[in-house]
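The values are calculated or read from the model by the stated rules, or taken from the named source; none is laboratory data. Since this is a predicted model, take the numbers as computed values, not measurements. Backbone-built Cβ (ideal geometry, glycine too); neighbour counts: all protein chains shown. Ligands, DNA and RNA are stripped out before the accessible areas are found, and what is left, the full protein with its side chains, is counted by its heavy atoms. Shrake-Rupley method; radii C 1.70, N 1.55, O 1.52, S 1.80 Å.
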Amino acid sequence: MIELAERHTFKLPAKCRTLIELNSSDEVEQLAFEEPYYLLGEGSNTLFLEDFQGTVVCNRLLGVCIEELETSFLVTAAAGENWHNFVTDLRGRNIDGMENLALIPGSVGAAPVQNIGAYGVEVATFIEQVTAWDISEKCWVSMSTEDCQFAYRDSLFKQHPGRWLITSVTFRLPKDWRPVTHYSPLNQLSDNASAQSIFDKVIEVRQKKLPDPKVIPNAGSFFKNPVVSNALLESLLQKWPDIVYFPADESRSKVAAGWLIEHLGLKSLNEGDAAVNPNQALVLINRARATGADVSQLAQKIMKHVKEASGIELEPEVRLVGKHGLVQLAAEK
Ligand code: NAP
């Protein structure tokens, strides 16, 4: 069995049967393994809750290629590139657009899977093409933005986990750039803020709110911000006039899950060494020796309290891997 604690940022003690590291496209074409398997990037959105009785496939493909066109830059990055290093590299070359997405943990290949987004910008806006190895059909595929079926923190890849191994992503970054600063705290910047000032601000805020996984193991936001009907929101507003929410579409609103957790006094909860992060309640942390069982119990307890108090069923944003593959958590009974 192979140790996985250092391969996911929550650092839970867990092992897998086999581990394959992919360093080239040739190795991708020769991939051969049996079920169950799990595709892993930097492990910043995956928690191995217990020993996984299968194969973990780690994508380590590297390389960035930039083409300057008349009105845009076409940038292709291999899936194993670190996301923040990629964003920083573009910034250094004065290629604008990705600055709101600075410091999101993980790899380039993971970015399309959950259509990462922050401070009013989604990566799907810039994605021109995703190249992937179709594991079932054993062939290469090139997918357009439409093919990827991007939605809020969602995509075709997320709907069919394990079907495609993303090997590279091509982004189109228009030269006609405009700052996106309507989200707090970027709205403190001037209307004509530079991409560099946005990049710096995003890093400053994230470093203040989010624990560094190298110091305190965590996987960023543990739960999704729930989207609820406006009818449910109305009833919650009667109870909690200061609840934090934003319109999602005509009939639904997005509620800040961190606000709910904090407001319900759940910040002090812990199970063993699994706890709620004091600076941003949406993040769960491993204080030292948390186990998968500790994390599951803590998450289920939070889900139960939130459901009882608000009627909202929180869903984990992170991926949880058990003995035989992905597992779903339900609120504690
Ligand atoms: P936050 O800024 O406290 O925001 C909490 C929630 O409020 C998010 O759902 C956010 O929308 C929403 N929100 C805030 N201002 C808004 C506005 N002006 N209009 C519409 N919605 C608004 O969140 P945080 O946890 O500290 O995270 C900071 C940013 O990083 C957020 O944008 C968050 O979504 C993002 N993030 C992304 C990922 C990921 O891609 N996997 C993981 C963690 C955090 P959005 O959901 O549209 O951002």
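Just the residues that are of a type in the set (A, V, I, L, M, F, W, C) and within 12 Å of the ligand (Cβ to nearest atom), please, taken from region 230-258.
Hits for region 230-258 are ILE243, VAL244, PHE246, ALA248, VAL255, ALA256, ALA257.
Looking at (1) away from the ligand (no atom under 13 Å from the Cβ); (2) open to solvent by less than 50 Å² (accessible area, probe 1.4 Å), which is the one condition that is false for GLU332?
(2)
In region 265-290, which residues are more than 16 Å from the ligand (Cβ to nearest atom) and touching a residue at least 12 places away in the same chain (Cβ under 8 Å)?
Within region 265-290, the first condition is being more than 16 Å from the ligand (Cβ to nearest atom), and the residues that meet it are 265, 268-275, 286-290.
Listed by number, the residues that qualify are LEU269, ASN270, GLU271, GLY272, ASP273, ALA274, ALA275, ASN286, ARG287, ALA288, ARG289, ALA290.
What number of residues within region 49-81 are in a strand (DSSP E or B) and either within 21 Å of ASP154 (Cα to Cα) or open to solvent by 30 Å² or more (accessible area, probe 1.4 Å) (or both)? If you could, list the steps in order and put the result at the bottom.
The initial filter retains those residues of region 49-81 that are in a strand (DSSP E or B), namely 52-59, 64-68, 72-78.
Then drop every residue that is not either within 21 Å of ASP154 (Cα to Cα) or open to solvent by 30 Å² or more (accessible area, probe 1.4 Å) (or both), which leaves 53, 59, 64-68, 73-74, 76-78.
Selection size over region 49-81: 12.
Mind listing whichever residues of region 206-219 are open to solvent by 80 Å² or more (accessible area, probe 1.4 Å) and touching a residue at least 40 places away in the same chain (Cβ under 8 Å)? Break it down stepwise before answering.
Let us first name the residues in region 206-219 that are open to solvent by 80 Å² or more (accessible area, probe 1.4 Å), namely 207-209, 214-215.
The answer is GLN207, LYS208, LYS209.
Could you please find all residues in region 69-102 being farther than 18 Å from ILE203 by Cβ and of a type in the set (Val, Ile, Thr)? Don't jump to the end; show me each part of the working.
Our first condition is that a residue be farther than 18 Å from ILE203 by Cβ; within region 69-102, this holds for 69-81.
Within region 69-102, THR71, VAL75, THR76 meet the criteria.
From the residues in region 2-48 that are polar (S, T, N, Q), in a loop (DSSP other than H, G, I, E, B) and open to solvent by 60 Å² or more (accessible area, probe 1.4 Å), which one is nearest to ALA275 (Cα to Cα)? Lay out the reasoning, then the answer.
Of the residues in region 2-48, the ones polar (S, T, N, Q) are 9, 18, 23-25, 30, 44-46.
Subsequent filtering for residues that are in a loop (DSSP other than H, G, I, E, B) retains 9, 23-24, 30, 44-45.
Checking which are open to solvent by 60 Å² or more (accessible area, probe 1.4 Å) leaves us with 23, 30.
On the way: ASN23: 36, GLN30: 42 Å.
The qualifying residue nearest to ALA275 (Cα to Cα) is ASN23.
Looking at region 121-160, which of the residues that are part of a helix (DSSP H, G or I) and open to solvent by 70 Å² or more (accessible area, probe 1.4 Å) is nearest to THR181 (Cα to Cα)?
So, considering only residues that are part of a helix (DSSP H, G or I) and open to solvent by 70 Å² or more (accessible area, probe 1.4 Å), the one nearest to THR181 (Cα to Cα) is THR125.
Going by the conditions given, is ILE203 surrounded by fewer than 18 Cβ atoms within 10 Å (Cβ to Cβ) and of a type in the set (A, V, I, L, M)? Let's see the steps before the verdict.
Details: surrounded by fewer than 18 Cβ atoms within 10 Å (Cβ to Cβ): yes; of a type in the set (A, V, I, L, M): yes.
The answer is yes for ILE203.
Counting only residues that are touching a Ser or Thr at 6+ places or on another chain (Cβ under 6 Å) and within 16 Å of the ligand (Cβ to nearest atom), how many does region 44-62 have?
Count: 1.
Sort through LEU69, LEU90 and tell me the only one that's away from the ligand (no atom under 16 Å from the Cβ), more than 30 Å from PRO247 (Cβ to Cβ) and touching a residue at least 60 places away in the same chain (Cβ under 8 Å).
Working: LEU69 fails: touching a residue at least 60 places away in the same chain (Cβ under 8 Å).
Just one listed residue meets the conditions, LEU90.
Just a yes or no: is a residue in region 108-115 surrounded by 18 or more Cβ atoms within 10 Å (Cβ to Cβ) and at pLDDT below 95? Working first, answer last.
Filtering region 108-115 for residues surrounded by 18 or more Cβ atoms within 10 Å (Cβ to Cβ) gives 108-115.
Subset that is at pLDDT below 95: 114.
Checked against the condition, which is being surrounded by 18 or more Cβ atoms within 10 Å (Cβ to Cβ) and at pLDDT below 95, region 108-115 yields at least one hit.
Residues of region 172-197 being within 16 Å of the ligand (Cβ to nearest atom) and not charged (D, E, K, R), which ones?
PRO179, VAL180, THR181, HIS182, TYR183, SER184, PRO185, LEU186, ASN187, GLN188, LEU189, ALA193 - these are the residues of region 172-197 that are within 16 Å of the ligand (Cβ to nearest atom) and not charged (D, E, K, R).
Answer yes or no as to whether LYS323 is basic (Lys, Arg) and in contact (Cβ under 8 Å) with a residue 60 or more places away in the chain.
Working: basic (Lys, Arg): yes; in contact (Cβ under 8 Å) with a residue 60 or more places away in the chain: yes.
Yes: the conditions hold for LYS323.
Does region 91-107 hold any residues that are part of a helix (DSSP H, G or I) and either within 16 Å of the chain's Cα centre (by Cα) or surrounded by fewer than 23 Cβ atoms within 10 Å (Cβ to Cβ) (or both), and which are they? Can you show your working first?
Filtering region 91-107 down to residues part of a helix (DSSP H, G or I) leaves 91-92, 99-101.
If the condition is that a residue be part of a helix (DSSP H, G or I) and either within 16 Å of the chain's Cα centre (by Cα) or surrounded by fewer than 23 Cβ atoms within 10 Å (Cβ to Cβ) (or both), then ARG91, GLY92, ASN100, LEU101 are the ones that fit.
Across region 287-333, what is the total count of residues that are acidic (Asp, Glu) and out of contact with any Lys or Arg (no Cβ under 8 Å at 6 or more places or on another chain)?
Residues of region 287-333 that are acidic (Asp, Glu), as a first pass: 294, 308, 313, 315, 317, 332.
Checking the rest, the ones that are also out of contact with any Lys or Arg (no Cβ under 8 Å at 6 or more places or on another chain) come to 294, 308.
Summing the residues that are acidic (Asp, Glu) and out of contact with any Lys or Arg (no Cβ under 8 Å at 6 or more places or on another chain) in region 287-333 gives 2.
Quick check, is HIS84 open to solvent by 10 Å² or more (accessible area, probe 1.4 Å) and more than 16 Å from the ligand (Cβ to nearest atom)? Walk me through it before giving the result.
Values: open to solvent by 10 Å² or more (accessible area, probe 1.4 Å): yes; more than 16 Å from the ligand (Cβ to nearest atom): no.
Spelling it out, it is not the case that HIS84 is open to solvent by 10 Å² or more (accessible area, probe 1.4 Å) and more than 16 Å from the ligand (Cβ to nearest atom).
Go through region 302-333 and count every residue that is over 23 Å from HIS160 (Cα atoms) and not in a loop (DSSP other than H, G, I, E, B).
Quick first cut of region 302-333, residues over 23 Å from HIS160 (Cα atoms) only: 302-312, 331-333.
Cutting the leftovers down to not in a loop (DSSP other than H, G, I, E, B) gives us 302-310.
Selection size over region 302-333: 9.
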